[in-house]
Structure formats: C-alpha cells, structure tokens
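The next block holds one structure in the form of structure tokens; read it before the comments.
Values in this text are rule-based calculations from the coordinates and carry no lab data. The model shown is predicted, which means the values in this text are computed figures rather than measured ones. All Cβ positions, glycine included, derive from the backbone under ideal geometry; neighbour counts span all protein chains shown.
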Ligand SMILES: Nc1ncnc2c1ncn2[C@@H]1O[C@H](COP(=O)(O)OP(=O)(O)OP(=O)(O)O)[C@@H](O)[C@H]1O
Ligand SMILES: [Mg+2]
C-alpha cells in the first residue's frame, strides 16, 4: 500500500481539525478530496508533507508500510512525498534552473542515486517544459519572481515533474488558472500518472476532474471523510451541494 492514513486526529493550537481521517491509497490511484471551506483538506495535505504547527493526537500515517509522522519534510520528500505549495513562493536572486537542479539532486542524493549531470538535467527540464508549454525564459528568472498566478502553478507542476515523487498531493492546483492553463497543468499531472505513483487531488471544482479523472472521490467535512465514491460523486456534489452529504 502506498499510503495508509488510519484514524488520524490532529489539532492546531488546541483546536481539533482532523477528527479521525481514514484513507488508503494504492500506487496507480488518483483520489480527489473535496469538501467545504475549513473542512481540513489543506491541513491533511500539510500534515502528510510534514509541515510543522500541527499536533497529531491520535492515529498513524504509513507510507509504503512505514510510519512517516516522525520524519521531517526533507526526509519525506526524499521518500517521494510531494505537496504543491511546499516550496517557497518567491526566491528572488536564485534562478529557477538553479533551484530545480539543487532540489532534484538533493532528493536523488537522499535516495542513494547519482546526481544528474548538467546535460541530462537540462534535457529532462526541456522535455517537461515542453509538456507544460512553458517558455525557456522562465528558467533564468528568480524562482517565481514576478510570475503571475497561473505561471506559478505551471512552475509548481514543473517542480513536481522534475522531482518525480511517488505521492503527489495537489492542493487547489486549479484555482486561478485560465482554461488553457488548466488543461496544460492537467496534462502535466496526467503525464505523471503511472502505476507506481499515487495522487491526492484537493479541489473545489468538478471541472478539474474532467481533465484529471479520479479513481475515487472523497468528501472531507468537519475533519472526517463523510462520503466516498467514484467520479460521479463529484458531479452529484456539484448539483446538490455539501448539505446533501451531511444530511
Ligand atoms: N495555523 C492555524 N491556526 C488556527 N487555525 C487554523 C490553522 N490552520 C488551520 N486552521 C483552521 O483549521 C480549519 C481547517 O483549515 P484548512 O485550511 O485545512 O481547511 P480547507 O479544508 O483546506 O479549506 P479551504 O477549502 O477553504 O481551503 C479551519 O477552520 C482553519 O481556520
Ligand atoms: Mg485548503
């Protein structure tokens, strides 16, 4: 099993946010998580990636059978956990290329793999940028420096493609994207969709799931998964709203 979340309870500043989340993801599967504002979706993503500020009060998270809750974010990244938004929003003065190269090689090193030489790195980078229809000029600029909202999202997808994680967590990757960018970013995600990789796609909109077709859809409400189904659940939610689920 790629990921097992068992009865996860977590709080922030003594307020309980997650109240017993259970979720199991096999390699090759895409799970969408939907749910009302403030339900705990981002909290769940952040906790999986190892972001601090959360107190786990109960339950466990197993990644490939091993507990990861005691690992720091870098160790989890090395194992293959990737959260969009995980990386600093803007790093002026550090070129995008340099940043990606450092990030990719530190993850490779932690996995016991050789560093990518400059030529192979640039080749992979160009291929991925082509899929995302990103202009080369974005590589010389500081990381996300002056990037528009949509350009940052593409860049985030590029980071994910370069790091080749085993678990990709996308938190509202679709927000603020124009229609073309939505398709392009989805293309990047679908390109990464392989038998050995799993996805958690957090979104408010069914529209994204037309492009990235989920195997399962879950509704997280008030800190718990209150309903799970296939992709038709997203359509039903769009039509009937969340009150229908809670009723
Ligand atoms: N650092 C924090 N301090 C206080 N409360 C927090 C903190 N982080 C999260 N919360 C609270 O936890 C709850 C869940 O937040 P979270 O961001 O996980 O929701 P969400 O499901 O991602 O919502 P949205 O759909 O609006 O993104 C919210 O009520 C939020 O205010
Ligand atoms: Mg959120």
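Data for the structure
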read-out	value
Histogram of C-alpha separations across the chain, 5 Å bin width, %	1, 6, 14, 17, 20, 17, 13, 8, 4, 1, 0, 0
Per-residue [θ]222 nm for the chain (sum of -39500 (n - 2.57) over DSSP H runs n ≥ 4, rounded to 500)	-11000 deg cm²/dmol
Ranked 31, 204, criterion: other C-beta atoms within 10 Å, fewest first	204, 31
Stretchable slack from residue 24 to residue 127, in nm (0.36 nm times residue separation minus alpha-carbon distance)	33.8 nm
Residue exposure sequence - 76, 207, 111 - by fewest surrounding Cβ within 10 Å	111, 207, 76
Sequence of 129, 161 once ranked by neighbouring C-beta atoms within 10 Å, starting from the fewest	129, 161
Within region 3-246, percent of DSSP bridges classed antiparallel, to nearest 5	60 percent
Cα-projected label distance for residue 135 with residue 51, points at 7 Å along beta-carbon direction, nm	3.1 nm
Candidates 214, 92, 73: whichever shows maximal mean-square fluctuation once the chain is modelled as a Gaussian network with Cα springs under 10 Å	92
Relative contact order of the chain, defined on C-alpha pairs under 8 angstrom at six or more residues apart (%)	28 percent
